[in-house]
Each structure stands twice: as structure tokens, then as C-alpha cells.
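The values are calculated or read from the model by the stated rules, or taken from the named source; none is laboratory data. A quick note: this is a predicted structure, and the numbers were derived from the prediction, not measured. Cβ sites come from the backbone with ideal geometry, for glycine too, and all protein chains shown count toward neighbours.
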Amino acid sequence: MSTMFNELGRLLKLTTFGESHGMAIGGVIDGFPAGLTVDFEKIQHELNRRKPGQSQIVTQRKEDDNVEFLSGIFEGKTTGQSIGFLIKNTNQRSNDYEHNTQIFRPSHADFSYFHKYGIRDPRGGGRSSARETANWVVGGALAKQLISGVKIQAFVSSVGEILLTENIYDLDLTETETNAVRCPDRKIAEKMIEKIMEIKKQGDTIGGTVTCLIQNVPVGLGEPIFDKLSARLAHAMMSINAAKGFEIGSGFEGTKMKGSEHNDIFTENGKTLTNYSGGVQGGISNGMDIVFKVAFKPVATIMKDQQTIDENGNLAHIQGRGRHDPCVVPRAVPIIEALAAWTLADFWLLNKTRKL
């Protein structure tokens, strides 16, 4: 039986490896076309957007996250062969986790990993750590270059009860990277940052949402029945650590509307007057902008005393230590863009096999 549970994609495949406190993380990319001139600076830029230690509202772990390509690229161009890459871990502090080697952190992966495998790596969550997402960003950065005509922009749209209520097309998304929380409205961003810092001082964490806008998407991406574009986007986004919800287009708000209100009426050029479908109809892109939102729970590790159990099921207490994000959404922005790019690039390649 094939068990490709560390693999993402159909034709374009990313297989990853590594743990948070191991020697390195990395991956192998298969199915990437030959002849693409790789912009290595753009790849590093995407990694820098994701890496820890970039502001006071994220974990203070210091990792340069420099990626080393081992194969599949020659003289700056992809060769069509497997692209191997490596990112070394350089700032582990595994002793921060010595207190929880025999007990489980509430709402963390420790309990389920232990009961599934009979063993777990307590150092930063091991394989379940968000450190793994750096691999996805490398793959996504390459995918962005493959489908360079498609524009993918994600941004933080809420932190706790603080919401960005403006219409997405009234926002200046060039402002997203001008503040630590990655919200394109500066006034709302300041309130979000203040809230995160307040929660951090309390030794607690808070959740939020990230919205993604994808423009210039060609018509026809997506495969009925079980590989709908919306389903594959949801699969990718719900693979992100702490992700708890996904909605596309009108999402849950659409349940409050009548069909006569919700239907996207066509115009002569094949566009629609509204976009409640979120750019996907019948599981296939319709040429309109793809708009979706991902919800993230508060980070599980908090600096407060909590009741838990040990490996024998006995009651115990635990208090988090070490360096952790008080809110995951600012660093989730480049991860969401990367996974969206990977999903679209995979379908773009698949679409090339669908017509003579």
C-alpha cells in the first residue's frame, strides 16, 4: 500500500521531511517543468516573510531560514528532474521542552501523536511543528514563478474581535507588508498589534483570520468530482497548523441569502456582476477572482498553568515555556499564498493534459 502522507499535489508533487528541533527540514519537488529561470532572491524573500523572530508579536526563535538547493536546478534553470532542497535548523533550544516529556500539552498534537505511533518528539512538537511550513513556502515560491501571471495576495482580516470590515476592493493591499500584523488598514493594524501584545503579556494567545485574493486566474482549473479547485484549496489550507475553518466566496454568509440574491449573473463578456461563488463554479475556476478566508485558533502553547494528564492517564499540571507565537496569523499570510500558488500551479499543469 502506498502511503504518501507527506506529499502534496498530483502532477506537481512536494514531499517534505524534518522536525522542528532536528538537524534540518527540507523537501523534494517532482513534476516541475524544465527551463524556468529561478529567481532565488524571490524565494528567500518569501522565506523571510514567514521566518520567526521578525517582530515582537511572533515567536523570538532566530532562524535565518536560508534554503540550499541540492538538485534539479542547473545554471539557474530548472532541469525537469527532482528538485531537492534543505533548510538547516540553527537555533533549537530543546531544553525548553524537558518539562513535558511525560505529559501532554492541552490542544496540542502530543496526545494524538503518542497514541497513534506509541512515540512522540516533544521538542517543539517534532513533525507537527509549524516549522514544517518553511518547506511549503519554498515550494510555493517556485510555483509563484511558474504561474507568474497569477496574482496572489493574502492579508490578516481579523485578530480576535478586531475585524477588517472594508470591502476587499476598497483596500490598498500594497499596505499589507508595511506593518507587523500584515493588515492593509494601518489603523486597524495598530489595534490588532496592541491586542496581540496585551494577550502576550498575559501569557496567553489569540486567534484570527486571513483572507486571500487571487487574480488573473484562467478559466478551467479544477477537476470534478473529488478534486474540485475549492476542495483542493480547502485541503491545503486546512493542513496548516492551527487552521480551524475555510470558506470561499460568500461562505457561511451565503446561507442567509436567497438564490435570486446569491446567483452570479453573467454579463456579455463571460464575467459576472457579483462573485459570491468566489471564482469557482462546479469545482472549476470561472475566470473571476478567487476569494477565500482561513480561520486560525489561538496557539495551543500558553504561559499559564493548565490541568493535563501524563502518559499513564494521571492528572498533572503544565505551564508553557520557550518561544511561541502569541498569534499565528501574521506568519500564516505567506504560507497561505504559497499553498494557493502550489495548488493552482498543479492544476495549471494538469489542465495542459486535458485538451489537444
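A residue that is in contact with a Ser or Thr (Cβ under 7 Å, 6 or more places away or on another chain), under 20 Å from Val217 (Cβ atoms) and either buried (at least 18 other Cβ atoms within 10 Å of the Cβ) or of a type in the set (Lys, Arg) (or both) cannot be found anywhere in the stretch 320-330. Among the conditions (1) modelled with pLDDT of 95 or more; (2) closer than 30 Å to Val28 by Cα; (3) out of contact with any strand residue (DSSP E or B) (no Cβ under 9 Å at 6 or more places or on another chain); (4) assigned to a loop (DSSP other than H, G, I, E, B), the only one that Thr205 does not satisfy is (2). Hey, any hits in the stretch 38-61 for a residue that's of a type outside the set (Asp, Glu), at pLDDT 95 or above and assigned to a loop (DSSP other than H, G, I, E, B)? Looking through the stretch 38-61, at least one residue is of a type outside the set (Asp, Glu), at pLDDT 95 or above and assigned to a loop (DSSP other than H, G, I, E, B).
Of the residues making up the stretch 289-299, those that are in a loop (DSSP other than H, G, I, E, B) and surrounded by 22 or more Cβ atoms within 10 Å (Cβ to Cβ) number 1. Among the residues of the stretch 255-266, what is the count of those that are in a loop (DSSP other than H, G, I, E, B), over 18 Å from Val280 (Cβ atoms) and either among the polar types (S, T, N, Q) or modelled with pLDDT under 95 (or both)? Result for the stretch 255-266: 0. Residue pairs whose Cβ atoms lie under 7 Å apart, separated by 6 or more positions or on different chains, with the first residue in the stretch 182-204 and farther than 19 Å from Ile335 by Cβ and the second of a type in the set (Ser, Thr, Tyr), are Ile199/Thr205.
Residues that are among the β-branched types (Val, Ile, Thr) and surrounded by fewer than 18 Cβ atoms within 10 Å (Cβ to Cβ) within the stretch 214-256 comprise Val219, Ile225, Thr255, listed in sequence order.
Checked against the criteria, Ile302 counts as part of a loop (DSSP other than H, G, I, E, B) and either of a type in the set (A, V, I, L, M, F, W, C) or in contact with a helix residue (DSSP H, G or I) (Cβ under 7 Å, 6 or more places away or on another chain) (or both).
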